[in-house]
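Written out below as structure tokens is the structure these notes cover.
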Amino acid sequence: MSLFSLIACCFGYVFLCLLVFLLIAFLCYCLYIKYIHLKYDHIPGPPRDSFFLGQSPTIVREMSNGRLVHDKFLEWSETYGPVYRLNGLHFVMLCVTCPDTTKEVLMSPKYTKDKMVYKRLFSLFGQRFLGNGLITAHDHDLWYKQRRIMDPAFSSLYLQSLIGTFNERADMLMDKLGEMSDTNTATSMHHLFNCVTLDVITKVAFGVDLDLLNDSDTPFPKAIEKCLKGMIHYVRDTTFQLNPKNWKFISEVKDAAKLLRTTGRQWINKRKMAFQNGEDVPKDILTQILKTASNEEKMGKDDEELMLDNFVTFFVAGQETTANQLAFALMELGRLPEILAKVKQEVDDVIGMKQEISFADLGKMTYLSQVLKETLRLYPTAPGTSRYVNNDMTINGIHVPAGFSCVFNSYVCGRMDKFFEDPLKFDPERFHPDAAKPYYCYYPFALGPRSCLGQNFAQMEAKLVMAKLLQRFDFSLLPGQSFDILDTGTLRPKSGVMCNIRHRGPTSTG
């Protein structure tokens, strides 16, 4: 036998061995998936579309057809009960609407963020995105260190000191609306709310003036939107990257994520240099965070990357969800004149013709608070969260073995008639101070130790912007527009909430 033939035989033998090994590995994996099915199939759930992908094809199909996937989750909850099973590869997720289990899991620090979901937000298609920031960190010690650094910057006392900046940015939106009123220009209120909330977060948090209401060329809003669109495909569709038709979009998503992180690095380094040089620095959230972080024993490169992770988190989540809430609230008020009249009357009674809204004024507008809470019941802008359960559990009388993800969806709970009578009706009286409080079925900012750090910030901002708008303007929705919901990672009005804006007459603000 020649040397060439010997080498060929060796390669053939190695290839055959590799093929056998891969076949055995594949069969073992199939058996493992079958074992997972047998382990959890006593739990009710919709039929699997395929052995490997479980119900994922149904979810992808809903997204591809422009339908809201959370409506499918609601349909499944009503069909299969307070706990139902979803499969994907060797993973199993339990979708839970049982209030007792919601309380048990979300209120306890022992149940960590689900790695399968939140680790996918570490990066987008290979480009670091949210990393190990406050939203995504599943290690408790890492999360707690960050939360300890961030907490002082989001305390109620510190936020009160920022009320002047909130007023200033909101007034810029009012000036823009005044121009549109004078020229009778129809406008997308969602777009304007996006601009003002991004202006607020960049000024209040990072001391930067973007002036998005007057500068439409800035790349940040488009970058945020691109990242959110990329995120929903990256998390929900495991085959998305395999399709060459999607590669251009994927490249754009990676560039958008890179832009946000590069910008964050520049702003943080600039502020650090100002500190080192003894310069005056803005009394904003970034300054507060850097001061608190400097008290830590050691800040290494990993800590700097975490700070950047949280910059991107605040930059995206700190404005997107509030803008969406404001847009949904205006959409509902625009088609419910009785509620609109009542909330306008409260605004007139509390602030009258005042230009500057105080923190005390915000506390007096209780009906406006009810409107904003009811908005988040029907339209939770960040509709779900999940935890990993590593111990056996009994949910609604069903024994569940350890090793599963527990998914909690506030959109689903908010639209179930067993929790809220006539759930599709927009009724702020559900949140009247004397009304019974929802028992672990209303959690637009999650619950427990991992609840949203910025919820006070967001509601303070939403309330102030809405109060100023209702104080100064009347508005009407353009006929013919959709009231559907668009899922881009967060929930937003598909129509953009197109409105005609008019100055309120002098007697209507008295």
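Out of the residues in segment 264-283 that are of a type in the set (S, T, N, Q) and in a helix (DSSP H, G or I), which is nearest to the chain's Cα centre (by Cα)? Quick ask: steps written out before the conclusion?
Filtering segment 264-283 for residues of a type in the set (S, T, N, Q) gives 266, 269, 276-277.
Okay, now just the ones that are also in a helix (DSSP H, G or I), so 266, 269, 276.
Details: Gln266: 25, Asn269: 27, Gln276: 35 Å.
Step by step, filter segment 264-283, then rank; the result is Gln266.
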- request: Would you mind stating whether Lys176 is surrounded by 16 or more Cβ atoms within 10 Å (Cβ to Cβ) and either in contact (Cβ under 8 Å) with a residue 60 or more places away in the chain or not assigned by TED's automatic domain parsing to the domain that holds Leu469 (or both)?
  value: no
Filtered residues of segment 409-441 (kept if surrounded by fewer than 18 Cβ atoms within 10 Å (Cβ to Cβ) and in contact with a Pro (Cβ under 7 Å, 6 or more places away or on another chain)): Met416, Asp417, Tyr439
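Only one of Ala382, Ala402 is of a type in the set (Gly, Ala, Ser) and within 26 Å of Tyr158 (Cβ to Cβ). Can you tell me which?
Values: Ala402 fails: within 26 Å of Tyr158 (Cβ to Cβ).
On inspection, the qualifying residue turns out to be Ala382.
Among the candidates Leu469, Leu453, Leu447, Leu464, single out the residue that is over 26 Å from Gly334 (Cβ atoms), in contact with a Leu (Cβ under 8 Å, 6 or more places away or on another chain) and either surrounded by 20 or more Cβ atoms within 10 Å (Cβ to Cβ) or of a type in the set (S, T, N, Q) (or both). Steps first, answer last, please.
On the way: Leu469 fails: over 26 Å from Gly334 (Cβ atoms); Leu447 fails: either surrounded by 20 or more Cβ atoms within 10 Å (Cβ to Cβ) or of a type in the set (S, T, N, Q) (or both); Leu464 fails: over 26 Å from Gly334 (Cβ atoms).
Exactly one of Leu469, Leu453, Leu447, Leu464 is over 26 Å from Gly334 (Cβ atoms), in contact with a Leu (Cβ under 8 Å, 6 or more places away or on another chain) and either surrounded by 20 or more Cβ atoms within 10 Å (Cβ to Cβ) or of a type in the set (S, T, N, Q) (or both), namely Leu453.
Given Lys115, Lys229, which one is over 29 Å from Pro493 (Cβ atoms) and either modelled with pLDDT under 85 or surrounded by 15 or more Cβ atoms within 10 Å (Cβ to Cβ) (or both)?
Values: Lys229 fails: over 29 Å from Pro493 (Cβ atoms).
That would be Lys115, the only listed residue that is over 29 Å from Pro493 (Cβ atoms) and either modelled with pLDDT under 85 or surrounded by 15 or more Cβ atoms within 10 Å (Cβ to Cβ) (or both).
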query: Given the conditions (1) under 23 Å from Met416 (Cβ atoms); (2) in contact with a Gly (Cβ under 9 Å, 6 or more places away or on another chain); (3) not in a loop (DSSP other than H, G, I, E, B), and given that Asp309 satisfies all but one, which numbered condition is not satisfied?
result: (1)
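The values are calculated or read from the model by the stated rules, or taken from the named source; none is laboratory data. These figures come from a predicted structure and were not determined experimentally. Neighbour counts are summed over all protein chains in view; Cβ atoms, including those assigned to glycine, are modelled from backbone coordinates with ideal geometry.
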